[in-house]
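Below you'll find the structure, written out as structure tokens, and then a few comments.
The values are calculated or read from the model by the stated rules, or taken from the named source; none is laboratory data. The structure presented is a predicted model; accordingly, all values stated were derived computationally and were not measured. Cβ sites come from the backbone with ideal geometry, for glycine too, and all protein chains shown count toward neighbours.
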Amino acid sequence: MEKLKDFVEQRKIFIAAHRGASGVAPENTLAAYEEAMKGHADMIEVDVQMTVDKKIICYHDFKLGRTAQGRKPISRLPLKYLKKLDVGSWFDRFYQSQRIPTLDETIDLIKDKAYLNIEIKSNKKENNKEKARRIYEVVKRNDYIPYTLFASFDLALIADLKSNDPDIHIAGIKIPGNDTPASELKAKYGIEAFIVSIDELTPELDKDCKDNGIYLAVYSVDNWYELEKIKKYHIKTVVSNYPGTISNVINRYFPVTI
Ligand code: G3P
Ligand code: CA
């Protein structure tokens with residue numbers, strides 16, 4: 001697989017699976033990542049958290065409750081406990097055997113098949129710098145740095161990672177309602193890409209990214225109506241919960257893309 005940098009330069013547009021193919025399988029599970037690859041997603045977006053024993057796992061929320069039984073914060077629970085939880089039944093009983101994947105297991109599954117987009121969520125109650133460093137170390141140990149994009153709403157956190165390893169790729173995620181131009185964020189934090197909600201796309205934001213060499217990613221794009229809405233913009237990455245559906249029709253909206 002070519003390095004992410006070369007792939008992005010050559011492809012007009014590509015598809016990232018949001019929390020895996022989370023429209024058709026439970027988010028952030030190996031089943032969702034497998035479905036994403038079956039649906040020809042080029043990149044898999046994952047959310048990560050750190051356990052009390054400092055292991056990095058793929059899980060969206062800071063606390064249990066929405067996709068797994070319990071109420072406690074992930075940061076106060078050990079991996080061994082978390083590994084017993086069923087994170088599939090909330091979506092469909094068919095997925096009751098799904099367990100929280102570690103970041104190592106995820107990389108093992110997608111290696112040489114898909115690029116990785118890791119969203120690092122910061123939280124006032126945690127040591128975010130340590131969490132980010134440990135996430136970086138997992139990617140490094142798996143030799144997946146050239147194929148990975150580190151993203152966050154917390155730009156200082158990913159800029160700090162990049163200051164320790166200038167080879168990593170970083171993206172800022174637009175904080176809804178904060179209209180600081182991406183070009184200013186690039187100057188301050190060195191972001192290479194800007195990930196924006198479809199509800200916040202504007203011609204000005206699009207132009208600012210295009211004029212300043214910042215790749216624009218939009219989330220979440222799940223149907224023809226949303227594809228129609230984004231086709232006038234210079235989108236590099238379509239982030240979707242239904243990568244299989246989008247990959248089947250994307251050429252209709254962005255001709256000669258795949
Ligand atoms: O890629 C951006 C997107 O993943 C951020 O939102 O809540 O799905 O993690 P969320
Ligand atoms: Ca995310």
Report the residue count in segment 139-160 for those that are under 17 Å from the mean Cα position of the chain (by Cα) and either part of a loop (DSSP other than H, G, I, E, B) or crowded, with 19+ Cβ neighbours inside 10 Å (or both).
-> 13
Output for Cβ contacts, cut-off 6 Å, separation at least six or different chains, first residue free of Cβ contacts under 8 Å to residues at least 40 places away in the same chain and of a type outside the set (S, T, N, Q) in segment 39-55, second away from ligand 2 (no atom under 16 Å from the Cβ) and part of a loop (DSSP other than H, G, I, E, B), reads VAL52/LEU77; VAL52/PRO78; ASP53/PRO78
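Please work out if SER89 is within 16 Å of ligand 1 (Cβ to nearest atom) and not in a helix (DSSP H, G or I). Show your work before the answer.
Working: within 16 Å of ligand 1 (Cβ to nearest atom): no; not in a helix (DSSP H, G or I): yes.
So SER89 does not fit the description; no.
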For segment 24-40, indicate whether the set of residues that are closer than 21 Å to LYS236 by Cβ, in contact with a strand residue (DSSP E or B) (Cβ under 6 Å, 6 or more places away or on another chain), more than 14 Å from ligand 1 (Cβ to nearest atom) and modelled with pLDDT of 95 or more is non-empty.
-> no
Quick one: ARG99 ticks every box in (1) out of contact with any Phe, Trp or Tyr (no Cβ under 8 Å at 6 or more places or on another chain); (2) within 16 Å of ligand 1 (Cβ to nearest atom) except a single one, so which number is it?
-> (2)
Residue selected from segment 15-24 under the condition hydrophobic (A, V, I, L, M, F, W, C) and either touching a Gly at 6+ places or on another chain (Cβ under 6 Å) or more than 15 Å from ALA114 (Cβ to Cβ) (or both), by the criterion surrounded by the most Cβ atoms within 10 Å (Cβ to Cβ) = ALA21
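In segment 102-125, what residues are part of a loop (DSSP other than H, G, I, E, B), touching a residue at least 40 places away in the same chain (Cβ under 8 Å) and within 16 Å of ligand 1 (Cβ to nearest atom)? Working first, answer last.
The initial filter retains those residues of segment 102-125 that are part of a loop (DSSP other than H, G, I, E, B), namely 111-114, 121-125.
Checking which are touching a residue at least 40 places away in the same chain (Cβ under 8 Å) leaves us with 112-114, 121, 123, 125.
Scanning segment 102-125 gives ALA114, LYS121, ASN123.
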Scan of segment 217-240 for residues that are surrounded by 23 or more Cβ atoms within 10 Å (Cβ to Cβ) and of a type outside the set (Gly, Ala, Ser), ordered by number = VAL218, VAL221, ILE235, THR237, VAL238, VAL239
Scanning segment 230-243 for residues that are in contact with a strand residue (DSSP E or B) (Cβ under 9 Å, 6 or more places away or on another chain) and away from ligand 1 (no atom under 15 Å from the Cβ), which turns out nearest to ILE118 (Cα to Cα)?
-> HIS234
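Restricted to segment 89-101, and to residues that are touching a residue at least 12 places away in the same chain (Cβ under 8 Å) and touching a Gly at 6+ places or on another chain (Cβ under 6 Å), which residue is surrounded by the fewest Cβ atoms within 10 Å (Cβ to Cβ)? Full working, then the answer.
Here is the first cut: in segment 89-101, the residues touching a residue at least 12 places away in the same chain (Cβ under 8 Å) are 90-92, 95, 98-101.
Filter once more, keeping what is touching a Gly at 6+ places or on another chain (Cβ under 6 Å): 95, 98.
On the way: TYR95: 17, GLN98: 24.
Selected residue: TYR95.
Here is a yes/no grid of residues against (1) touching a Phe, Trp or Tyr at 6+ places or on another chain (Cβ under 8 Å); (2) within 12 Å of ligand 1 (Cβ to nearest atom); (3) not small (Gly, Ala, Ser):
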position: SER152; (1), (2), (3): no, yes, no
position: LEU157; (1), (2), (3): no, no, yes
position: ASP160; (1), (2), (3): no, no, yes
position: ALA187; (1), (2), (3): no, no, no
position: ILE195; (1), (2), (3): yes, yes, yes
Evaluate the following for ALA132: is it buried (at least 19 other Cβ atoms within 10 Å of the Cβ), assigned to a strand (DSSP E or B) and at pLDDT 95 or above?
-> no
